[in-house]
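Structure first, commentary second.
The values are calculated or read from the model by the stated rules, or taken from the named source; none is laboratory data. All of these numbers come straight from a predicted model, not from anything done at the bench. Cβ placement follows ideal geometry from the backbone for every residue including glycine, while neighbour counts extend to all protein chains displayed. These accessible areas exclude ligands, DNA and RNA; they are computed on the full protein's heavy atoms, side chains included. Shrake-Rupley method; radii C 1.70, N 1.55, O 1.52, S 1.80 Å.
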Amino acid sequence: MLDIVALGGLGEFGMNMLALTWDDTTLVVDAGVMFPDADLLGVDRIIPDLTYLQQKGGAAALILTHGHEDHIGGVPHVMPHVKGRIIGTRLTLALLEPKLKEHGLDDVHTEAVRPGDRVSVGPFTIEFIRVTHSIPDCVALAIHTPLGVILHTGDFKIDQTPLDGEHFNVHRFAELGAQGVLALLADSTNIDRRGYTGSETDVVDAFEEIFTASSGRIIVGAFSSSIYRMQIVIDLAEQFERKVAFVGRGMIQNSEIAQRLGYLRIPAGMQIRDSEVNNYPAQDVLCLSTGTQGEPLAALSRLAVDDHRYVKLSPDDTVVLSARKIPGNEKAIGRVMNHLARRGANVIHEGIKHVHVSGHASEEELKLVLSLARPRYFIPVHGEYQQLARHARVAERVFAGREPKPQVLLAENGDLVRFDEKGAGLAGKAPVGRVLIDGTRTGEIGDEVLRDRRHLAGDGLVVAVVAINRQTGSLEETPDIITRGFVVDARTEALLKEIPTLVAATVETANVEEKTDPGLIKEKIRVDLQRFFRKRSGLRALVLPVVMEI
């Protein structure tokens, strides 16, 4: 009897995690995170509830399909429930390594595999199949079980002209389909998009136009894991004789990893440090930066408000946002674009030029995979419920007239899909939910009130009320400090007396754009106050800045 349970990734974008169990052996595929909405104050990331793994006595192994955060970001939190090894491709494990070290998990047993390899874990034999995506070294999984093959696509698109020459293994999908696939679990992210997703190389023409027309620096904002995008603009920088600088911790770290493993090629003498950018004429420099989602502390946001330590924007510079807008981040991205425009930069995004291409398969590619695999059962994964439901309808059309007709199982997180000799179906519900991560504490399953109560019970709440002139950004009066659940004794009373001065200094040292942007000034006040409490008292109070524009 085989049980499959999605602990995350069904009914949402992100937090992808799947558990397969045969007798006493549980296998986990991916362990991703999801980033919080703006109203989840103090939450850094969200991971799946791991109660199900606890009930199963832990996982015999963790299999990773690729190195994006929504597939590997939760691994450090899952490791206490993994008894065996972590298995993934070289790049995936290399991107995971810094996360494990950050959590003090240096002794974790990892095993690197290549597409075509097979690994046995108890009754399971996992076969790794090359697929193309927006990052190198991605695999689909053919999990051979006593009942048949479970084919899991991971994240993919069918890129006919991959930058590294490593093509999607259509032939193996067809072979498995001919031999018989028990169940197909396929990525539903882009099922709403008609036709085919473009190749990563489709952005080259737009970037060539930008390089040709730009007389100043070119700053390309991208996800730090967009190795293919990095290579494309680096190749163009070489062609147009520009030096390349990586700006932002994530971009620097991932570019170093990709270069070390041979996935990113930069000609000798071409790369410079971000601290050296101002030593070269503006027309001779390309910067690759993080921060395309408007994160307040990311490199691009700092550049936008003239707060970066080394790189300063000039009116002739061109800033390219080469990434999709993650739903919910539109306001923050718009704010950064406004600040970039105030600096005089020419801002280009995918609405203006074709500077971004998705990494997920569109409808026709998903139909092709369904046709190749020809599964007995089909389970849509990775997407909100509307994407899963649409993918199910598309599958019905693909298999119309075929006998026996594959059965579509439309499952959600926690639905226990059980396979046995008689067939398959939903057989109950496993405990699932969300755990909120804020670095040192966790709050329970999607219950923000409970999380805040626990936080308040530990260290209390500090509200800094600041009145700022809307035009000048100057303080209108001394900041007011309100505390709740905060034990006041001689030591903490002295600390509280220092806070108004500290908040005033934070506001006064900020530049005008930061002062007049409520989102940015709130973040600066919150960071400074949290650092103050942590250094002076060891407390981690919940800091809530309230900025009133007058």
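Across the accessible surface of segment 1-66, with the other protein chains kept in place and a 1.4 Å probe, carbon and sulfur atoms take up 47 percent.
Averaged per residue, the chain has 42 square angstrom of accessible surface, using a 1.4 angstrom probe with ligands and nucleic acids left out.
Once you sort the root eigenvalues of the Cα gyration tensor of segment 288-377 as a ≥ b ≥ c, which label holds: rounded (a/c under 1.5), prolate (a/b larger than b/c) or oblate (the other case)? Prolate, because a/c is 1.5 or more and a/b exceeds b/c.
Label sites at residue 23 and residue 85, each approximated as a point 7 angstrom past Cα along Cα to Cβ, lie 2.1 nm apart. The helix-based estimate of mean residue ellipticity at 222 nm for the chain, built from -39,500 (n - 2.57) per DSSP H run of four or more residues and divided by its residue count, is -9500 deg cm²/dmol to the nearest 500. Given R₀ = 51 Å, FRET efficiency for residue 119-residue 497 by Cβ-Cβ distance, to 0.05? Computed FRET efficiency for residue 119 and residue 497: 0.25. Split the accessible area of segment 289-381 by element, probe 1.4 Å, and carbon with sulfur accounts for 48%. Dipole magnitude for segment 284-400: about 320 debye, using +1 per Lys or Arg Cβ and -1 per Asp or Glu Cβ, origin at the Cα centre.
Calculate the tail of P(r) for segment 112-211: the fraction of all Cα-Cα distances greater than 24 Å, expressed in %. Summing the P(r) of segment 112-211 above 24 Å gives 30 percent of all pairs. Using a simple spin-label model with pseudo-atoms 7 Å out from Cα toward Cβ, residue 412 and residue 284 lie 6.0 nm apart. Summing charges over all other residues whose Cβ lies under 9 Å from the Cβ of residue 167, with Lys and Arg as +1 and Asp and Glu as -1, gives -1.
The alpha-carbon positions of the chain define a convex hull whose volume is 154 Å³ per residue.
Annotation: the antiparallel percentage among DSSP beta bridges lying fully within the chain is about 50.
Here the accessible area is traced with a 1.4 Å probe on the protein chains. For segment 197-263, carbon and sulfur cover 43 percent of it. First check a/c for segment 378-431, with a ≥ b ≥ c the square roots of the eigenvalues of its C-alpha gyration tensor; if it is under 1.5, answer rounded, and if not, answer prolate when a/b is larger than b/c or oblate otherwise. The shape class here is oblate. Dipole of the chain (Lys/Arg Cβ +1, Asp/Glu Cβ -1, origin at the Cα centre): which of 483, 16, 281 lies farthest to the positive side? Projecting each Cα onto the dipole axis, the largest value belongs to 483.
Express in whole angstrom the spacing between the alpha-carbon centres of segment 511-550 and segment 96-141. Going from one Cα centre to the other spans 40 Å. Each label point was placed 7 Å from the Cα along the Cα-to-Cβ direction; for residue 166 and residue 472 their separation is 5.9 nm. Extension gain, residue 367 to residue 505, is 43.8 nm, computed as 0.36 nm per intervening residue step minus the present C-alpha separation. Given +1 at the Cβ of Lys and Arg, -1 at the Cβ of Asp and Glu and no other charges, the dipole of the chain around its Cα centre is 460 debye to the nearest 20. Among the listed pairs 325/353; 56/429; 515/535; 331/522; 497/535; 101/522, a Cα-Cα separation exceeding 19 Å is found for 515/535; 101/522.
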